[in-house]
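See below for the structure under consideration.
What follows is calculated from the coordinates using simple rules that are stated; it is not laboratory data. Not measured: the values here are computed from a predicted model. Cβ coordinates were reconstructed from backbone atoms using ideal geometry, including for glycine residues, and neighbour counts include every protein chain displayed.
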Amino acid sequence: MLIPSIDLMGGRIVQLVQGEKLKLAFDDFEYWIERFSKYPMVQLIDLDAAMRQGENRNLIEMISKRLPCQVGGGLKTAEDGKALLDAGARRVIYGSSLFGVSEDPTEKRRHKVIKLEFAESLKKSLGEDALCFSVDTKGGKVAVKGWKDSVDLTPEEAVTWLEDSCAAFLYTHVDTEGTMSGFPLDVAAILRACTAKQLIVAGGIKERREVDELDAMGVDAVAGMAVYSGAMEA
């Protein structure tokens, strides 16, 4: 399945290369909402919130009311997710807030980098079906905080440990994100073997053939740059 993405920054729809360099920007929201209205799921990300440099809340709410969206970007608490679900999101995406070493030496945690207790509390508060956990990887390690930092964790570890608390995983291969150089299918195959949950991948997808090959593995694909540049029909 192809899942088109809408990434928001500074009040516009944007496409970045590797999460940093602005390549494309649009403000014709009606056109893209109409284009994506036939899809069963659209991915909607607030990049400003993810990078801790503001938010696009009004746009998130407007688009969520009109398209079936899974929404992410800077979610830190169960209340953040609930607010988006109440605003019309079908599902919410948690990423950076699931990872990090505890700053409290007295805190007892089952994993030193993955906040399993937080993940389980989200499942209890919001329900498993409403949760998609984002495992973004840069140079083989899980990337956090708008891909500016990383933690000492492989995506396979993250997926295996978090398996019981969400309905889906979103994996972004940051090294190829926005480059249209192709998604590494071997990575998708390894991750598919790690989880029975829905697996969605993103990062470098350039043509429909890749989407079909991923679909044959039981993996769904997010496409952004290929769709907005016109390289792939959507």
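From the Cα trace of segment 80-234, what convex hull volume per residue do you get, rounded to a whole Å³?
Spread over its residues, the Cα hull of segment 80-234 gives 120 Å³ apiece.
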Degrees between helix 185-194 axis and first principal axis of the chain (Cα, 0 to 90, nearest 10): 40 degrees
Set of lysines with alpha-carbon distance to LYS21 below 19 Å, sequence-local pairs under 8 removed: LYS138, LYS145, LYS148, LYS206
Rounded tilt (10° steps) of 116-126 against the dominant C-alpha axis of the chain: 60 degrees
Dipole magnitude (debye, nearest 20) for the chain, charges at Cβ of Lys, Arg, Asp, Glu: 200 debye
Helical mean residue ellipticity (222 nm; -39500 (n - 2.57) per DSSP H run of 4+; nearest 500) of the chain: -8500 deg cm²/dmol
Helix axis angle, 208-217 relative to the chain longest principal axis, alpha carbon, degrees: 40 degrees
Calculated SAXS-style log₁₀ I(q)/I(0) at q = 0.14 Å⁻¹ - segment 103-149, Debye, Cα scatterers: -0.48
Set of lysines near LYS141 by C-alpha distance (under 20 Å), chain-local residues within fewer than 8 positions excluded: LYS112, LYS115
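With a ≥ b ≥ c taken as the square roots of the eigenvalues of the C-alpha gyration tensor of segment 57-139, please select rounded if a/c is under 1.5 and otherwise prolate if a/b is larger than b/c or oblate if it is not?
It comes out prolate by the Cα gyration axes.
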Cβ-defined net charge surrounding LEU22, 14 Å radius [Lys, Arg +1; Asp, Glu -1]: -2
Centre separation in Å (Cα based) which lies between segment 179-234 and segment 129-147: 16 Å
Cross-link partners of LYS123 among aspartates and glutamates (Cα-Cα below 18 Å; sequence separation of 8 or more within a chain): GLU79, ASP80, ASP86, GLU163, ASP164
Size-normalised alpha-carbon gyration radius of segment 1-144, reference 2.2 N^0.38 Å: 1.09
Packing-based ranking, highest mean first, of 71-78, 180-187 given that Cβ atoms within 10 Å are counted: 71-78, 180-187
